[in-house]
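This report refers to the structure that appears directly beneath it.
The values are calculated or read from the model by the stated rules, or taken from the named source; none is laboratory data. Just so it is clear, the structure is predicted and the values come from calculations on it, not from any experiment. Cβ coordinates were reconstructed from backbone atoms using ideal geometry, including for glycine residues, and neighbour counts include every protein chain displayed. Just the protein is used for accessible areas: all its heavy atoms, side chains included, with ligands, DNA and RNA removed. Shrake-Rupley method; radii C 1.70, N 1.55, O 1.52, S 1.80 Å.
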Amino acid sequence: MFQVNRLGQTFFAEVIGLDLAQPLDDETFAQVKRAHLEHGVLAFRDQRLTPEQHIAFSARFGPLQVHPMGQFNLEGAPQILLVSNDKHADGRPVGIADAGRYWHTDMSYMKEPALGSLLYARAIPTEGGDTMFCDMTAACRDLAPQMRRKLMGTKVVHHFASRWARESARYGVRPAQTKEEQDRNPPVEHPMIRSHPETGEPAIYAGGFAVRVKDVSEEESKALLDWVEGWVTQPKYLYRHRWRLHDLVFWDNRRAMHHATEYPESQRRHMHRTTVKGNAPYLDPQYLARELSATP
Ligand code: SIN
């Protein structure tokens, strides 16, 4: 038995009374999966997880992705990305200290982006360092029909190296990518509205790795990406998570975007993240046909 309490207006719930260090039986796992699909983001409170237990729980949802910037993955367990401002003895960063300080959905720069990410808080600051989430399914549902129709026909180019270079220049804490690292993830295209492969629900899909809307001018592309970000981040679609030590937060990247916030540099923030591989985004042709016939 465990408790699920909705915390956000349209999504996000906390889970109390589950110990994820123990393997879940099939029935409990099925309940967790249903709750995740229903609420989009789950914060499992008060977990004590070794990297192996974190990986084992994550892997029940699908194969894990290894972050392409290998020097920030946990030694001996590369499925874990370190989001951390700790430093090695020689001053090199242990993890990505400034990870995700912009709206994005994880690994959208891949052909098969992340289904979900599971971020585990091992050290948190006393102020700041929250993570904000927005519900792109609710935001999609509320679009005016004409705008939904426009976005349904839109393809977006996502690119890892462009965003990495921007963040590197912005905060000056992450190393520049080598040419080989840049070339490893060439630009990919995804639909601006994608169908959720498990619930069938459409969601807006864009975010910080989205560099260009296809087949429009640069000005139009920028205007549309800015408009979309403004739309999905209206307060009614947001939930701001104030971390508690030992929270494990599992978000559905097919439904939610997230944005990490700053915190005092003098304080430690050390998180472990796994990422579950998802499907190549698509828009269900039946949904598309229905929408087009219903929209004047
Ligand atoms: C991320 O984008 O995965 C990092 C989020 C966070 O550190 O809050």
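The table below lists the values:
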quantity	calculated
Highest-MSF residue in the chain out of 278, 129, 17 [GNM, Cα springs under 10 Å]	17
Distance between the stretch 147-222 and the stretch 109-138 - C-alpha centres, whole angstrom	17 Å
Estimated D of the chain in µm² per second, where Rh is the Kirkwood radius over Cα pairs and Stokes-Einstein applies at 25 °C, 0.890 mPa s	125 µm²/s
Portion, in percent, of the accessible area of the chain that falls on carbon or sulfur, probe 1.4 Å	51 percent
Sequence of 287, 205, 171, 282 when ordered by accessible area, the most exposed leading, probe 1.4 angstrom	282, 171, 287, 205
Integer Hz, Karplus 6.51/-1.76/1.60 couplings in order for the stretch 44-49, x for Gly and Pro	7, 7, 6, 9, 10, 10
Computed [θ] at 222 nm, deg cm²/dmol, the chain (DSSP H ≥ 4; -39,500 (n - 2.57); rounded to nearest 500)	-8000 deg cm²/dmol
DSSP-defined antiparallel bridges as percent of all bridges, the stretch 1-105, nearest 5	70 percent
DSSP-defined antiparallel bridges as percent of all bridges, the chain, nearest 5	95 percent
Highest-first arrangement of 251-263, 144-156, where packing means the average Cβ count within 10 Å	251-263, 144-156
Axial C-alpha extent at least 15 Å, average Kyte-Doolittle at least 0.0 - helices from the chain (DSSP)	none
Residues with amide H under 5 Å from that of residue 241, placed H, sequence gap 5 or more	131, 132, 133
Potential extension, residue 25-residue 6 segment - 0.36 nm per residue separation minus Cα distance	4.5 nm
Inter-probe distance in nm under a simple model that places probes 7 Å from Cα toward Cβ, at residue 77 and residue 111	3.1 nm
For peptides 265-276, 3-14, sequence by mean Cβ density within 10 Å, most packed first	265-276, 3-14
Ordering of 116-125, 25-34 by burial proxy (mean other Cβ atoms within 10 Å per residue, highest first)	116-125, 25-34
Residues residue 287 and residue 52, FRET efficiency given R0 of 41 Å [Cβ-Cβ distance, rounded to 0.05]	0.55
Distance from the stretch 257-296 to the stretch 1-37 (C-alpha centre basis), Å	20 Å
Extension gain from residue 236 to residue 34, taking 0.36 nm per residue of separation minus the Cα-Cα distance	70.4 nm
Under 5 Å, built H, 5+ apart or other chain: amide partners of residue 64	277
Accessible area (Å², per residue) of the stretch 143-189, counting only protein heavy atoms and a probe of 1.4 Å	56 Å²
From phi via Karplus (6.51, -1.76, 1.60), per-residue ³J(HN,Hα) for the stretch 193-203 in Hz, x at Gly/Pro	10, 10, 8, 6, x, 9, 9, x, 6, x, 9
Amide N of the stretch 265-296 lying under 17 Å from the label point, which is placed 7 angstrom from the Cα of residue 144 along Cα→Cβ	295-296
